[in-house]
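Structure, as structure tokens:
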Amino acid sequence: MLRHGSRSLFNRASASSMRWRRQFSTGLPAETAEDTKFVESWKKMNPNMDPPKTPSAYMKPRPPTPANIPSKLTVNLVLPYDSVLSSKEVDMVIVPATTGQMGVLPGHVATIAELKPGILSVHEGNDVTKYFLSSGFAFVHANSVADIIAIEATPVDRLDPNLVQKGLADFQQKLNTASTDVEKTEAQIGIDVHSALNAALTG
């Protein structure tokens, strides 16, 4: 019985791993609404039970990747409580990725980038709009759409230099007087954010 049980577990593990073995591709068909390989594997193992829904069943179909590179990049900038930019067509954005400033143009390779406190620059011809982002992620899709998800985003021209300097001094004082690791970490985060704010204003 133990032998049969282990074989059953191995078969289930194999079926589960089959789902994740497909190679990453930016050209998956737009009409795919569910993971057919997973459903087929499930039906082979459990023919009398309906397969569970996978996350793809609750998602909108993937937009098709255009044959030619579009002339514009479509940008969405979303906060937990607001939509700052929605389907805005621009020439380029520069995001503050943790690996450094990353420029995104139409036709950019599909990418996921973690963001650090810094400046998001939105370029429309000769006009450049700058937002200060606290943190978040940028999702660049193969169809020249960039989704930027941030915790906070503020136009740079609305930042108050005096408040930034005061906040930086306050957090430096907190770091000097911190007695626990938690207090030190919180103070260091405050210093990092206000240092980035200060750089945004002076740079």
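The values are calculated or read from the model by the stated rules, or taken from the named source; none is laboratory data. Since the model is a prediction, treat every value here as computed from it, not as a measurement. Cβ coordinates were reconstructed from backbone atoms using ideal geometry, including for glycine residues, and neighbour counts include every protein chain displayed. Areas reflect the complete protein model, heavy atoms only, side chains present, ligands, DNA and RNA absent. Shrake-Rupley method; radii C 1.70, N 1.55, O 1.52, S 1.80 Å.
A compact table of results
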quantity: Exceeding the 28 Å Cα-Cα cut-off - candidates Lys72/Lys116; Lys72/Lys130; Lys53/Lys116; Lys130/Lys184; calculated: Lys53/Lys116; Lys130/Lys184
quantity: Radius of gyration, Dmax [segment 125-179; alpha carbons; angstrom]; calculated: 16.5, 51
quantity: Highest to lowest packing among 168-181, 86-99, scored as the average C-beta count within 10 Å; calculated: 86-99, 168-181
quantity: Solvent-accessible heavy-atom area per residue, rounded to whole Å², over segment 44-133 at 1.4 Å; calculated: 63 Å²
quantity: Order of exposure, largest accessible area first, which applies to Ile112, Ile151 with probe 1.4 Å; calculated: Ile112, Ile151
quantity: Total formal charge among the other residues, if their Cβ is under 14 angstrom from that of Ile189, Lys/Arg +1 and Asp/Glu -1; calculated: -3
